[in-house]
Amino acid sequence: MRTVVAWSETPPERDGVPNVCYDVAFRPDGTQLVAGIGNRVLVFDATDGDLQHALKGHKDAVYCVAYAHNGKRFASGGADKTVIIWTNKAEGILKYTHNDSIQSLSYNPVTQQLASATASDVGLWSPEQKSVAKHKVNTRILCVSWTNDGNYLALGCFDGSVSIRDKAGSEKLKIDASSSPVWTLCWNPVETNTLAVGCLDGLLKFYLVTGQQKNKDRELGFDPLSVTYFSNGEYLAISGTDKGVQLYTRDGVFLTQIAQRDNWVWCVKPRPKNNFVAIGCDDGTLATYQLVFSTVHGLYQDRYAYRDQMTDVIIQHLITEQKVRIKCKDYVKKIAVYKDKLAVQLPNKVVIYELANGQDDYDMHYQSATKIMQKLECNLLVVTSSHVILCQERKLQLYGFDGTKEREWVLDSVIRYIKVVGGPLSREGLLVGLKSGMIFKIFVDNPFPIQLIKHTCSVRCLDLSSSRNKLAVVDENASVLVYNLTTKEKIFEEKNANSVCWNCEFEDMFCYSGNGMLSIKTGDFPLHQQKLQGFVVGFKGSKIFCLHYVSMQTIDVPQSASMYRYLERKDFDNAYKVACLGVTEADWKQLALEALQTMNLEVARKAFIRIRDVRFVELVNRTEAGKKQGLPENLLMAEIMAYQGRYQEAARLYTQAGSVEKAMEMFSDLRQFDEAKKWAEEYGRTRGETQQVQELINKQAEWSEEVKNYDAAAEMYIKAKKYDRAIAILARHAWWDKLIHVVRAVDKTDSRCLGMCAGHFRRANQYQYAKETLLKMDDTKALISLYVEENKWDDAFLLLHAHPECKADVFLPYAKHLALSDKFEEARLAYQQGGYPELATKILEQLTHNSMMENRFSDASHYFFQLSMEALKEIKTPPYSMTPEDRKLLERFSELYDKAEIYYAYSFIHDAVSTPFKTTHASTLFNVSRFLLMRTLNREPPPGISIANIVYILAKYSMELQAYKLARFAYNKLQTLLLPSQWQSEVDMQSVVVRSKPFSDAEDLRPVCYRCSTDNPLLNTQGDFCINCGAPFIRSFVTFEQLPLVEFELNSDITDEEASKLLGEDAGVDTRPTGGLERGGGGQANVLRLDEDDMINHIEDSFSAQQLVPNSTIKVDRATLRRLKNSEVLIREWPNENIPNQLFRIMEIEVPIMVGPCGHFFEQDEYEMACLEKGHAPFSHEALKPEGLQRQNSDQEDELSHSTNKASGLAFSITPKAPDWPKLSPKPPQVEATGMAVAMGRPYGRRA
């Protein structure tokens, strides 16, 4: 390293103030330099030293200056106790004072806060504050410095202490650094917690921000006056009383002297972003110095060593890019590398390092081997296995590792270049180039230099080829020359070169750099050039080592061009040597193939081994063996061509060698069957055989499938009519369009292949293709199954119409489909039509259960009704000869029908309890609750039926309708039941209120039996029948009012059909009493006739007499049937011809009564209104169909017109859809008929 004075300035004294430069400061961008000289602040151009401003503001000497880190302002302070803030344009903007002279100034790098220190206090000013915050101190402050992050401020004090303070000025830590004043200190800009302290006892100290000492004290030998970090904290520049400026490492190790002056140097500051420092002297001189850091390095083959941070040595392996750092802890002056040795020259010694494992080319572990403890001065340094050689101008000195000077050579001219070129141990040779142009070879064990060449110009660079037969020279004229050392002839010359290197692994190759280009010369071939910046310093194999400024780069250069040039000359040996330097795998293969084609088997084998091509290595060995056996060369060359993929040439060579079968076998193995067929035909013509062609076709089909050329394989199988294998391939790859072509090509009798195709189509959801296939197969069952899978129900039923035997295959999945679509009624019908009544019943049972669980009691009633009808329809024998199985069905019907009635009635109760609005008339709820209690009071109620709800409604509406006796019973019953909490208070209150009411029911509420005219109580706890005659009350299932109906039965000798004909035959006979007046013909005579056979009275007395007989069945004969009018008889027909009809007489003809599709009776007006409200028939939920304007038949009109009820005068009527119930067949006349209630075993029938 060396220093150069950039500029120097000594201003004259003014105003009688001594010219002393105490402090300087650079602007952060490095363009300005501010110096306090005398009582003025001078601003200089930092580059050339031109004075820009001379600022007068201070009345006494200026002690300190500081520049803000944002570059907008700077400050100055001095003996006049004043601090002045200036702009970067040298304009004063602010001034403030202290009580003592200003000793030091420093700007916070982050907050731009200015710290000003005096003998008694420290002040903190910032642009945002109007006043200066001052903090008293106990001792004089000599220097201040902020950390680079702006968090801490260090104060150097006269008592030898250092005070660490925060941004607010509060003291955080105090360090007792020395007993002498701390004159200067500075924080490291990179390691922000490290503080360098210079004391007036000649010591340099280092502390951490925590107060701990970092390194040992460094003895300077003088008192430091200024300490500052340089080059991003890597070095320290220190000036002092020794009148000089020194450069130290950041750890305090002395490196070199920067400047030496005639007076004390009060300050030194680095110029930002440059290798310059500015110093201020006691005589007022201001100077800047440039520091020139020279590159100190050494290279031997692929090991490169260079200096780092002036005290470290880094060794880099240029091939593996590994790096090792050696910390010498002293100034490194020179470095030399040779094989496993490393020599490092320090100021007072030379240290020799060696590798721990010298036999390992990649070992990077260096250890100290020996030291030469002498201060040796030299211009160049080289090392050998046992010596170090120092070059001093014209002199070479040889020192052993023990420090003994063994030999000295004095040459005629200044030595310009020296290089160790190898040799035996302790007998190495040196290549030396002189300024005079002489080039010598010197052996370390020979005192006499050997002249090699006398060049005409000063030598700049030298290198010797690996065989020591050729010498490359670069001279001062930038010319590169190559000499043959044997003949001393110049064999090459070129311009624009600055360095040259031979390839240490190939004799005829060297490279040189210059003019931004890299040139490579191989043999006598033309130059290969590429762009390159820097100097080539080494060439090994295909790698060139280039030094660009201070960094070493490794460049890979292609050797392919040189190899191919040798191949053109068929020089395979040199081509192989060049390839060994580094070529691509493709280049190796090309070398191997060309060597093999020319039968240079040795080079070919080595090249194939290099690229690990075992197959070709075996070929070379086989070729070599065949050559020894005397095989024809054409045969050997044919195999070589085949291995290279040149099959046509190989086939021709096989033919020339008389081995056509080998050509055919080759193409067959390659699956090039077209070519194989051609050569097979050739073989057939020459040998007269055709079997080979057929074998090739078979192989071609199988190979196409093996190599996954499935399209071609399928086509060949189709051509060969191997449809099964073609179908498998096409289906596996989902080629359905091609598969349907196979279907169309296959004969319809081939059910196996067609079945395979149909199965594949169905699994792939190819509906149309599957349908086409099944139609061709005429497989009805499979086609129906396909329709079902695709939910093509219309097609399935259309096909089912022609094939009814497949009914189960359609209806069963159709019913499941409907059930999944929540179409349960349609699903039930589908199960029935498909012949699965048990599944239809199961659906109904599940729906019924769900309805009960979900409190949908109206739906539950409907489902129970449907279940009862299904049970009734399954009865196959009439009641008078019923089998046990049918008896069970009849009992099931009775049970289900009973539950349907109960759930239907309870739906009114549930709605009344659960809905906030009353939608049912009070009398209806009153009747419903009575009906339900009489049905359920003496037995376990069905699931979901709440007795509490029923009794609650009964009690509530009994009170409303003045049935107080029944209400009292109901409220007493409620006291015994578990009630909802919201009802409890109401029930308790009404239980008390009802006791204030009469213990009787309203007379108009009490039911009268239409058979025996007995007055019945409102609630019969035994059942819903008359307490006298036991006749069941027949109620309307709209209002649950009692209807004027009395059931009667036919005599056993009368059939249902005969009864229908007899009804009303004599209904027109005069009903006046016997013996009455009869007006004669023409109306002119009155005749009195006495009839002994009083038929009318007999009929009436017979029916009325049977009415009065309790617990008996009313029987009617033919005469009674004839006299009964159609309008006063209702017939209930059941949807089973084995169940007899039930007949009922309307006791009050003025009330229009009808029987609904469910078998229940209704008042016609109520029924029609209920149908209009619900949209379906009550109880049965049968759908309605409008009948439009219609009139009843004339007979009914005549009868109704005779009564007082004019119901037949309705303009229209709502007629339920007639249930699909078959008419009953006649009973055998000899068997006595039994009432329907008795036959069904109804639980609410007659009393026992």
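The listed peptides 589-596, 541-548, ordered by packing as a protection proxy, come out as 589-596, 541-548 (highest mean of other Cβ atoms within 10 Å first). The HN-Hα couplings worked out from phi for the stretch 1124-1130 by the Karplus form 6.51 cos²θ - 1.76 cosθ + 1.60 (θ = phi - 60°) are 6, 7, 4, 6, 10, 10, 10 Hz, whole numbers, x standing for Gly and Pro. For the chain, carbon and sulfur atoms together expose 48% of the accessible surface, with a 1.4 angstrom probe and every protein chain in place.
What is the dipole size for the chain, taken about its Cα centre, with +1 at each Lys and Arg Cβ and -1 at each Asp and Glu Cβ, in debye to the nearest 20?
It works out to roughly 7340 debye.
Within straight-line reach of Lys823, meaning a Cα separation under 29 Å, sit the following lysines at least 8 residues removed in sequence or on another chain: Lys771, Lys781, Lys792, Lys807, Lys842, Lys873, Lys899, Lys1174, Lys1185, Lys1217. A probe of 1.4 angstrom, applied to the heavy atoms of all protein chains, finds His135 with accessible area near 50 square angstrom.
Please list 298-311, 1141-1154, 731-744 highest first by mean number of surrounding beta-carbon atoms within 10 Å per residue. Don't jump to the answer; show the numbers that get you there.
Details: 298-311: 20.5, 1141-1154: 18.9, 731-744: 16.4.
Ranked from most to least packed, the peptides come out as 298-311, 1141-1154, 731-744.
Here's the list of aspartates and glutamates a cross-link from Lys243 could span, going by alpha-carbon distance under 15 Å and ignoring same-chain residues fewer than 8 apart: Asp223, Asp262, Asp282, Asp283.
Please compute the per residue accessible area over the chain with all protein chains in place, 1.4 Å probe, rounded to a whole number of Å². Walk me through the numbers on the way to the answer.
Details: 58470 Å² over 1248 residues.
In whole numbers, the chain has 47 Å² accessible per residue.
Taking amide H as placed 1.01 Å from N in the peptide plane, Arg394 has its amide H under 5 Å from the amide H of Ile415, each at least 5 places away in sequence or on another chain. For the stretch 248-260, the Karplus equation 6.51 cos²θ - 1.76 cosθ + 1.60, evaluated at θ = phi - 60°, returns couplings of 10, 6, 5, 9, x, 8, 5, 10, 6, 8, 8, 8, 9 Hz by residue, with Gly and Pro reported as x. For the chain, the longest principal axis of the C-alpha atoms and the axis of helix 751-763 are separated by about 80°.
Solvent-accessible area of Glu986, all protein chains in place: 70 Å² (probe radius 1.4 Å, heavy atoms, ligands and nucleic acids excluded). Remark on Leu55: its backbone amide H falls under 5 Å from those of Val41, Leu42, Val43, a criterion applied only to residues 5 or more positions apart or on other chains, H modelled at 1.01 Å from N.
Against the main long axis of the alpha-carbon atoms of the chain, helix 807-820 sits at an angle near 70°. For Val132, Val110, the ranking by accessible surface with the largest value first comes to Val110, Val132, using a 1.4 Å probe.
Given the peptides 198-210, 346-358, 860-872, 962-974, arrange them by the average over their residues of other C-beta atoms within 10 Å, most packed first.
On the way: 198-210: 19.7, 346-358: 16.3, 860-872: 23.8, 962-974: 21.7.
Highest mean packing first, the order is 860-872, 962-974, 198-210, 346-358.
Applying the Karplus relation 6.51 cos²θ - 1.76 cosθ + 1.60 with θ = phi - 60° to the stretch 629-644 yields 3J(HN,Hα) values of 7, x, 5, x, 5, 4, 5, 5, 5, 4, 5, 5, 4, 4, 5, 8 Hz, where x marks Gly and Pro. Among the lysines, which have Cα under 24 Å from the Cα of Lys470 when same-chain residues fewer than 8 positions away are ignored? Leaving aside lysines fewer than 8 places away in the same chain, those within reach of Lys470 are Lys339, Lys419, Lys435, Lys441, Lys454, Lys488, Lys490, Lys495, Lys521, Lys540, Lys543, Lys577. Each Lys or Arg adds one and each Asp or Glu subtracts one; over the other residues with Cβ under 15 Å from the Cβ of Phe999, this totals +3.
How large is the helix-only mean residue ellipticity at 222 nm for the chain, computed as the sum of -39500 (n - 2.57) over DSSP H runs with n ≥ 4, divided by its residue count, in deg cm²/dmol to the nearest 500? Calculated from helices alone, the mean residue ellipticity at 222 nm is -9500 deg cm²/dmol. Here's how it looks for Ile1153: its modeled amide H is under 5 Å from those of Gln1164, which are all 5 or more places away or on a different chain. Against the empirical 2.2 N^0.38 Å (N residues), the chain has a Cα radius of gyration ratio of 1.94.
The values are calculated or read from the model by the stated rules, or taken from the named source; none is laboratory data. Predicted, not measured: the structure shown is a model, and the values here were computed from it. Here Cβ is always computed from backbone atoms with ideal geometry, including for glycine, and neighbour counts include all displayed protein chains. Keep in mind that these areas ignore ligands, DNA and RNA; they rest on the heavy atoms of the full protein, side chains included. Shrake-Rupley method; radii C 1.70, N 1.55, O 1.52, S 1.80 Å.
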